[in-house]
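The values are calculated or read from the model by the stated rules, or taken from the named source; none is laboratory data. All figures in this text were calculated on a predicted structure; none of them were measured in a lab. Cβ placement follows ideal geometry from the backbone for every residue including glycine, while neighbour counts extend to all protein chains displayed.
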């Protein structure tokens, strides 16, 4: 079978806290999708954030998913062990001229946005991830960049969205969601949703957006099963797949599990972690499907 004929799904949690019911639901959806089609289910540990990821949380992930009844293929891919893969992808993007260093701190960006709030253009636009980057460092001259490099100023690598879009020519990028149907990653959507997205940071040589695209490609993921809160990000991921020469997987963005008050489960909600529910004597079969409540994104 080719990689697109065999169904391969994955669940990719970050070990920054204990898993909750929402995580279990998403993992079970991906697991069941693969099992029902004679495919494979992979577990990936997204541990690129060295400051927040902890070994005890990673161990708890294995224990919680085993309790839910899931099994997975070995070896488990841990992102922190594959920084060279992301470096190689950044090299490809750099050769295409679609990266630029951004020397701004978050405070600098906020100040720029506040000072430009009366500008005639929509510099105060917001994306699902917050205010759009105002382009402060995008057009710095090579000389100005070199001065900052020589001074040792930390920087992030951002995607130059306009240059990336220029490489599309007359192409229309599309991707498929099994529930929402075919989607077009148009220039307007890509500009307004994430803009010049960060692909690597000063303290981490990759970002979620870059690493998830690279990992799904290297692991031959055929179907990405994840929550609707990441639906918007898939437009950017499709663009990165085009730039890197990757074949896109098929997507299924499912509804998000919520508590009785209609609030999305979060890691900070300790009462609903799988760890605590297990300790209280609950069974997975009683938690995941019978009275599941969903909320809009």
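Annotations for the structure displayed:
- Close contacts from segment 204-224, counting a first residue that is assigned by TED's automatic domain parsing to the domain that holds residue 156 and modelled with pLDDT under 95 and a second that is buried (at least 21 other Cβ atoms within 10 Å of the Cβ) and part of a helix (DSSP H, G or I), with Cβ to Cβ under 9 Å and a gap of 6+ residues or different chains, come to 205/86.
- Test: residue in segment 7-21 that is over 20 Å from the mean Cα position of the chain (by Cα) and closer than 29 Å to residue 282 by Cα: no
- Among the residues of segment 129-139, just one is without any contact (Cβ under 8 Å) to a residue 12 or more places away in the chain and either crowded, with 16+ Cβ neighbours inside 10 Å or under 24 Å from the mean Cα position of the chain (by Cα) (or both), namely 130.
- If you go through segment 59-94 and keep only what is in contact with a strand residue (DSSP E or B) (Cβ under 6 Å, 6 or more places away or on another chain) and either under 18 Å from residue 14 (Cα atoms) or exposed (fewer than 15 other Cβ atoms within 10 Å of the Cβ) (or both), you end up with 72, 73, 76, 77, 78.
- Flag if residue 203 is out of contact with any strand residue (DSSP E or B) (no Cβ under 8 Å at 6 or more places or on another chain) and more than 25 Å from residue 42 (Cα to Cα): yes
- Applying the criterion of at least 1 residues that are out of contact with any helix residue (DSSP H, G or I) (no Cβ under 8 Å at 6 or more places or on another chain) and more than 22 Å from residue 52 (Cβ to Cβ) to the strands (runs of 3 or more DSSP E) found wholly in segment 184-297 leaves 250-254.
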